[in-house]
Each structure stands twice: as C-alpha cells, then as structure tokens.
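Any read-out appearing in this document is the output of simple, stated calculations on the displayed coordinates, not a laboratory observation. Computed from a predicted structure; not experimentally measured. FYI the Cβ positions are ideal-geometry reconstructions off the backbone, even for glycines, and counts take in every protein chain you see.
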C-alpha cells in the first residue's frame, strides 16, 4: 500500500507560492546525496520537515535528521520515519548525536549569529568520523540584495564564497567550493552564484 505524503506548513507554503524554488532545493539535496551520502551514514543538521530526507537517505544505511522546530520534526517523522530514518527535536549547536560518515546542513548557517558560528562548525566536526565528509549549503552574500524582506530578516550571517571556504579550511584538510544557480551546480565564477555549497573532507 502506498504511503500518503502530507507536506507541512513550510513545504506547502513554498510549493504554493514559489514552486520553482522547490526544484532548486531538491537539486541541492540531489547533488549532496550523489556526492557524499551513497552507502554512508548521514546526519542532517537543520532538516526542517525532511524535504531532503528521501534523497539523502535513499542509499544510506542510517539517516538522522535534527531540527529545533517541533512542528517540522512532527511532519518529518510522519512522512519519513522508519527503522533507518530517525528525527530528533533539538537545538543542535554544540551537540553530539553519534559518529557519522557524512554531515549535511543546508540553509542553516546563515541563521546562526556570527558570534556562535564556531559552534555550528564544531558540531559538524564533532559528529564526523576522521575521514568524514561535511556538506554545507548557504545563500551567497552576493545575492542578498535580491532576497525578499522576510528572508533578509532571518539571514543574519551571510557568507561570501571566500569566507565560507576559508572558514571550512580551519576544520578540514581538503575543501571544495561549488556554485549553484537554479538547479545547476558548477565550479564557475562564484560572485555570480546565487547559492554556495562547500564540501570538507578529512577533519583536522
């Protein structure tokens, strides 16, 4: 019998008001899953309603999603919870949920005050195996002036490509930067990118 998926408040709002953005978000998850999640244990920090869960967890032996939003976690559990997919309601900063081969965090760090951003990156490191992979996605500060007023209010800590890469280099031996425009992930001119994905390998 096919399971019925019911989108939550955030997913429904985004799909109704800006459906093309839904495709953009899923493309970021697809890139992350193909790059770093296949046959690897996965922790997602800031999973919200789990919109990326079925992509990240498809070929993962174990997926854990964490978010502080109780309503979002309830939706995620209802839609995607299983023996290998679990969700935790928690303020993730500074917490350890186990040891994972991959940690993914999309659209989270820009909501973390700069004074606390070290806790965000330390949380990634402290949940990773020695040879683990961290995948961090965030809007490019170059695109901030084009964002909606509501988005600008919530985005308190925007990164340029240079600052994101240099920050991850404090925590990883190898760091790779990717630019994202709509559904296209590339290595082109970063200042022209709307979104950034930075991948760190082998933690220091």
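Quick one: order 63, 171, 146 by neighbouring beta-carbon count within 10 Å, fewest to most.
The order, fewest Cβ neighbours first, is 146, 171, 63.
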_When only alpha-carbon atoms are used, what values of Rg and Dmax, in angstrom, describe the range 94-153?_
13.6, 40
*If we sort 34-40, 24-30 on the protection proxy, mean other Cβ atoms within 10 Å, highest first, what's the order?*
24-30, 34-40
*Roughly speaking, what is the centre-to-centre gap between the range 96-112 and the range 1-52 when only Cα atoms are used, to the nearest Å?*
15
*Specify whether the C-alpha gyration tensor of the range 23-124 places it in the rounded, prolate or oblate class, a ≥ b ≥ c being the square roots of the eigenvalues: rounded for a/c under 1.5, otherwise prolate if a/b is larger than b/c and oblate if not.*
rounded
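Starting with the fewest neighbours, write out 7, 56 ranked by other beta-carbon atoms found within 10 Å of each beta-carbon.
7, 56
Using a 10 Å cut-off around each Cβ, can you sort 47, 201 from fewest to most neighbouring Cβ atoms?
Ranked by crowding around the Cβ, least crowded first: 201, 47.
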*Assuming a ≥ b ≥ c are the square roots of the Cα gyration tensor eigenvalues, decide whether the range 20-203 counts as rounded (a/c under 1.5), prolate (otherwise, with a/b larger than b/c) or oblate.*
rounded
*Considering only DSSP beta bridges where both residues belong to the chain, give the percentage that are antiparallel (nearest 5).*
50
